[in-house]
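Since the structure comes first, as structure tokens, the remarks are kept for the end.
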Amino acid sequence: MKVLLIEDDAAMQTTLQRTLERRGMWVVACGDGARALDRWRASLPDVVLLDLSLPGLDGLQVLAQARAEGLRAPVIILTARGTIGDRIIGLNTGADDYLPKPFDLDELEARMRAIVRRSASPSGSAPVLHEGSREYASLRLDGESGAIYCHDAPLELAPREAAMLRTLLQRPGQAVAKERLFEAVFGDDPDVQLEAVEVVAYRLRKRLAGSGVQLVTLRGLGYLLKAET
């Protein structure tokens, strides 16, 4: 995978570049908005990681200019500006996904690989389900990357929320015990109590609002996913 990393923070840029290269990717890095457009035109990347706060042109200006020129590589915005308004502006400008800082590197890689696969698929074709993939109502779990989609758009989740939803998607419509979810979300962390599952479930329930799928609590049994009728 060829990656264009546009990030003006030198430490963040170096860390991301080295991490992605260790994971087998080829990375072109740039920290300046105007120069980034030249790199984009020259390298023709498979995916662009774009920070919004850049010297010269800011990230949204870079994205708007790239789209105006017909540069169609999928873009994931990485920024500390994580308000709903910023996300909407970024997506409306032409971004394909949005990951607020700080983020989990495994989640970033999963989103990158998923977005590249989607961009390489023929338009309108049905998604390929890999081993371990699951579909339930509007939700789809990619078994290869671990990414989760709602109505074929990436579902923005924190790592623990994603771990819970992946576990629930293995048995949609069936109760999953709180203890099983605790193991999937927190592992064997001795500093976390079983009740922490309820906090993650509360946050996940809010993420699923409007998806057509509800997270239902079954007292004494656990949690289940239920498609709204």
Quick one: would you say VAL27 is aliphatic (A, V, I, L, M), part of a strand (DSSP E or B) and either more than 21 Å from PRO159 (Cα to Cα) or more than 13 Å from the chain's Cα centre (by Cα) (or both)? yes
For region 131-144: of the residues being open to solvent by 30 Å² or more (accessible area, probe 1.4 Å) and within 18 Å of the chain's Cα centre (by Cα), which is modelled with the lowest pLDDT? GLU144
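Residue-wise test of (1) closer than 23 Å to LEU157 by Cα; (2) of a type in the set (D, E, K, R); (3) open to solvent by 20 Å² or more (accessible area, probe 1.4 Å); (4) out of contact with any strand residue (DSSP E or B) (no Cβ under 7 Å at 6 or more places or on another chain).
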| site | (1), (2), (3), (4) |
| --- | --- |
| ASP8 | no, yes, yes, yes |
| ARG35 | no, yes, yes, yes |
| PRO45 | no, no, no, no |
| LEU108 | yes, no, no, no |
For region 189-229, name all the residues that are farther than 12 Å from ALA137 by Cβ and among the polar types (S, T, N, Q). GLN193, THR217
Checking ARG111 against (1) more than 17 Å from the chain's Cα centre (by Cα); (2) part of a helix (DSSP H, G or I), which single condition isn't satisfied? (1)
When you go through ARG67, ARG87, ARG81, ARG41 one by one, which is the residue that is of a type in the set (Lys, Arg), open to solvent by 80 Å² or more (accessible area, probe 1.4 Å) and either touching a strand residue (DSSP E or B) at 6+ places or on another chain (Cβ under 6 Å) or modelled with pLDDT of 85 or more (or both)? ARG41
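The values are calculated or read from the model by the stated rules, or taken from the named source; none is laboratory data. All of these numbers come straight from a predicted model, not from anything done at the bench. Cβ coordinates were reconstructed from backbone atoms using ideal geometry, including for glycine residues, and neighbour counts include every protein chain displayed. Protein only, heavy atoms only, side chains kept; ligands, DNA and RNA dropped before computing areas. Shrake-Rupley method; radii C 1.70, N 1.55, O 1.52, S 1.80 Å.
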